[in-house]
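Notes follow once the structure below has been shown.
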């Protein structure tokens, strides 16, 4: 990770950080209203503005219009990949939601998302603060309680002494101190998956001991967002995955992860059949959905997973 000029003054005292809005404009607006009342010194966004709900365009335009510094999440990276018309994601039905957003975003907004940095240095000084969507150099990396001492050493290897690293991606607030370092994972603004349907973000407060994280959770018009989502072209053209995103939004529970585990089992069987081709087709996805029983799946918790690089 290369150091760059920090965005904010080294003596800044409070920063609001939101992440994983995932196209949920009502949740975003509730958070922005709350941030205004908190009178923080700065605001930053840690990626994944798009997909998973029906208002990706509105979310991007709101963040851009406010000039909020933003990192690139894995969902923005998917746009980069889809800029190649021959990319495999165009041929697989499980990518239908991001395909839809790719077509709906105008060229300027799409390019802005693709050009976002993977990492931002927010502050230097006595309490350096760095933000990246998931893990340094890996926008889908899981930083969890399963980490070994060597894993933590690898995460912080290029960061200054006493750094705080802010990550997101898993939609579940968590923090951990390791030696003289601090890792903070934000909750999700627009697609919480921790059983609490309220929109979430954090405020970092500077103290003599470094940055302290305050998690804030806000009620918003979830029923309105669900209704608009269900009636949208995004829901109808996004296929099985869009339907599962709707269930995740409704319940604040993971549906995509257990569904893909089920899909892989179904595909392993399908791969033994004559004429099978690799990749998840529309027929394969819809067939797996018909046999997917969420009640038989153990509850997913990111901290219980093995590390995935």
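Across the chain, the relative contact order, built from alpha-carbon pairs under 8 Å that are at least six residues apart, equals 21 percent. Binning all Cα-Cα separations of the range 154-202 at 10 Å, short to long from zero, yields these whole-percent fractions: 27, 43, 24, 7.
Taken over the C-alpha atoms, the range 72-141 has Rg and Dmax values of 14.7, 49 angstrom. All alpha carbon pair distances within the range 82-200 were sorted into 5 Å bins beginning at 0; the resulting P(r) in whole percents reads 2, 10, 16, 17, 18, 14, 12, 8, 3, 0. Under a Gaussian network description of the chain, with springs only between Cα atoms under 10 Å, the residue in 191, 244, 218 that fluctuates furthest is 218. Length available on full extension from residue 11 to residue 149: 0.36 nm per residue minus the Cα-Cα distance, which gives 46.6 nm.
Compared with the alpha-carbon gap, the fully stretched path from residue 219 to residue 81 is longer by 46.2 nm at 0.36 nm per residue. Among 169, 262, 133, which one moves the most in a GNM of the chain with springs linking Cα atoms closer than 10 Å? Fluctuation is largest for 262. Evaluating kT/(6 pi eta Rh) at 4 °C and 1.567 mPa s, with the Kirkwood radius of the range 123-263 over Cα pairs in the Stokes-Einstein relation, gives 77 µm² s⁻¹.
Taking 155, 184, 21 in turn, the Gaussian network model of the chain (Cα-Cα springs below 10 Å) assigns the largest fluctuation to 155. Taking only the alpha carbons of the range 175-222, we obtain Rg and Dmax values of 12.9, 41 Å in that order. Calculated mean residue ellipticity, 222 nm, the chain: -10500 deg cm²/dmol, from DSSP H runs (n ≥ 4) at -39500 (n - 2.57) each, averaged per residue and rounded to 500.
Across the chain, the fraction of Cα-Cα pairs farther apart than 24 Å, rounded to a whole number, is 53%.
Quantify how much of the Cα-Cα distance distribution of the range 123-188 extends past 20 Å, in percent. Tail of P(r) above 20 Å: 18 percent of Cα pairs.
A short reminder: the numbers here are calculations on the coordinates, not readings from a lab. These numbers come from a predicted model, not from an experiment.
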